[in-house]
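What follows is a single structure, written as structure tokens, with notes after it.
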Amino acid sequence: MMSPHPIPADPGGLLRVAASTDLAQQVGQCRHPVAVAGSSLLVERGTGRIVDRFDTATTSGRVVGLRCRSRRASVCPACSALYKLDAYHLIAAGLHGGKNTPPQVADRPRLFVTATAPSFGPVHLGPDRHGQPRPCHPRTRRMPVRRSCGRWHLAADPAIGTPLDPAGYDYPGQVLFNAHVGLLWARFTTETRRGLAAAAGLPRAVAARQVRVVFAKVAEFQARGVVHLHAIVRLDGADGPSSAPAGWASVDLLDHAIRAAIRRVEVTTPACRRVPLRRLRWGRQVDVRPITRADGMSETVVARYVAKYATKAAETVGVDLGPIYCRTCDGHGTNPTTTVLCHRCAGTGRRPGASLRHLSGHARRLVDTCWWLGVQPGLGRLRLRRYAHTLGFRGHFATTSRTYSTTLTALRAERRNWMADRHAERAGVDPASVLVVGDWRYAGPGGGA
């Protein structure tokens with residue numbers, strides 16, 4: 001639903017208009033609003049009579065503003081906050097029902113799973129998960145000097161997550177793990193279904209007609225720049241959330257199948273002259289907890305926790321970039337978000353893109369590793385240069401099974417319909433008797449704060 005107010009030329013005017021009119025519902029304090037031009041008609045369904053009309057051609061600014069709808073909090077805090085709320089409702093609906101999801105899902109076997117990455121070398125440690133400081137790799141007789149630290153790093157210390165021995169750190173292994181997280185997860189879900197069938201003593205085809213494994217997951221970047229996953233895994237019947245799983249499908253059985261699947265799955269990467277074959281597996285630290293109202297693991301707590309990471313990306317590692325291209329080698333579009341020169345081009349005397357100079361040594365090394373691996377034989381299908389800004393991670397940060405609950409599209413449609421109904425009420429007509437007809441076209445960036 002468009003807001004019939006022009007975008008002022010000055011950022012201060014934009015904020016004043018947003019605060020005093022319903023433009024705040026559409027743009028608010030969006031950092032990068034998009035300007036559109038056109039018209040919006042409120043038409044009576046039965047007669048075709050135009051009840052209300054707005055046309056940017058009759059306004060001083062000639063455009064109206066739309067939110068940029070960025071998911072990332074570092075790009076636009078206002079739009080990412082709205083995305084986080086949508087993500088919360090999506091996750092919560094799959095835990096206790098609502099948003100066209102039956103409330104019976106609250107009685108299904110459900111587990112909150114955290115799958116971590118393996119070690120690629122010792123890194124500096126910050127406070128523990130309870131926020132308590134701890135010594136970082138104290139020196140012992142068996143600990144080499146280059147692998148010891150002994151300091152007590154505070155939470156904001158930039159050294160946290162960086163290697164103790166950068167020369168011995170497995171940067172290619174970490175980038176390849178990020179690139180294969182999606183495939184590891186796909187194999188994990190397949191192996192979990194197989195484990196459930198085996199535990200029940202049923203053929204997989206028979207078990208699939210009695211139990212369906214559904215999930216909602218989000219990816220989180222650790223301080224060292226590697227991805228691990230938080231997921232809600234739920235068991236439904238064969239007909240989806242409206243049907244109950246077979247009686248043999250219990251929380252304990254699901255717990256056993258998940259832990260066995262995480263230990264078992266692996267992905268083998270191709271070998272080439274400069275990159276050896278690797279067998280990638282999940283890390284040894286696995287956290288599987290039942291979702292209950294006790295022990296701080298209620299539906300609300302879990303939904304908030306998962307939604308929190310839906311708006312974050314590699315900026316937690318200090319890599320706050322858009323897609324990176326080498327215009328000389330790759331010949332990408334005329335206006336890439338970030339331009340950088342590869343090692344070959346940099347060696348010819350051309351200076352690397354200034355946009356990467358602010359990166360720390362560890363973050364820059366990870367980006368460089370993506371750039372280098374991206375042209376190695378057998379690894380081209382991973383498109384690591386295209387995903388260098390996410391340190392090789394190529395998947396969506398938040399995904400769900402089709403039948404987990406509602407969708408982001410449905411939530412946004414519900415919000416648009418609500419705004420259209422308020423528009424009709426202000427015009428003094430029944431919302432059910434009118435139709436909104438819009439004709440809009442892109443008019444450029446809208447500016448703003």
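The values are calculated or read from the model by the stated rules, or taken from the named source; none is laboratory data. Keep in mind it's a predicted model, so treat the numbers as computed, not measured. FYI the Cβ positions are ideal-geometry reconstructions off the backbone, even for glycines, and counts take in every protein chain you see. With ligands, DNA and RNA removed, areas are computed over all heavy atoms of the protein, side chains included. Shrake-Rupley method; radii C 1.70, N 1.55, O 1.52, S 1.80 Å.
Observations on the structure shown:
- Flag if ASP421 is open to solvent by less than 60 Å² (accessible area, probe 1.4 Å) and either in a loop (DSSP other than H, G, I, E, B) or farther than 30 Å from HIS180 by Cα (or both): yes
- So ARG53, is it surrounded by fewer than 15 Cβ atoms within 10 Å (Cβ to Cβ) and in contact with a helix residue (DSSP H, G or I) (Cβ under 6 Å, 6 or more places away or on another chain): no
- Scoring THR192 on the criteria (1) part of a helix (DSSP H, G or I); (2) hydroxyl-bearing (Ser, Thr, Tyr); (3) modelled with pLDDT under 90 leaves a single failure, condition (3).
- Only listed residue being open to solvent by 40 Å² or more (accessible area, probe 1.4 Å) and free of Cβ contacts under 8 Å to residues at least 60 places away in the same chain, chosen from HIS130, HIS124: HIS130
- Filtered by the rule that a residue be modelled with pLDDT under 95, surrounded by 23 or more Cβ atoms within 10 Å (Cβ to Cβ) and farther than 18 Å from ARG129 by Cα, segment 219-248 gives a lone residue, PRO241.
- Residues in segment 14-42 that are open to solvent by 30 Å² or more (accessible area, probe 1.4 Å), farther than 14 Å from TYR442 by Cβ and either assigned to a strand (DSSP E or B) or modelled with pLDDT under 75 (or both): LEU15, ARG16, VAL17, ALA19, SER20, THR21, ASP22, ALA24, GLN25, LEU41.
- Options GLY392, GLY428: the member that is part of a loop (DSSP other than H, G, I, E, B), touching a helix residue (DSSP H, G or I) at 6+ places or on another chain (Cβ under 7 Å) and among the small types (Gly, Ala, Ser): GLY392
- Among the residues making up segment 222-265, those that are part of a helix (DSSP H, G or I), more than 25 Å from the chain's Cα centre (by Cα) and among the small types (Gly, Ala, Ser) are ALA257, ALA260.
- All told, PRO163 falls short of being of a type outside the set (Lys, Arg), open to solvent by 50 Å² or more (accessible area, probe 1.4 Å) and modelled with pLDDT under 95.
- The set of residues in segment 66-81 being crowded, with 21+ Cβ neighbours inside 10 Å and touching a His at 6+ places or on another chain (Cβ under 8 Å) consists of CYS76 alone.
- Under the condition of being open to solvent by less than 30 Å² (accessible area, probe 1.4 Å) and either hydrophobic (A, V, I, L, M, F, W, C) or without any contact (Cβ under 8 Å) to a residue 40 or more places away in the chain (or both), the residues counted in segment 292-306 number 5.
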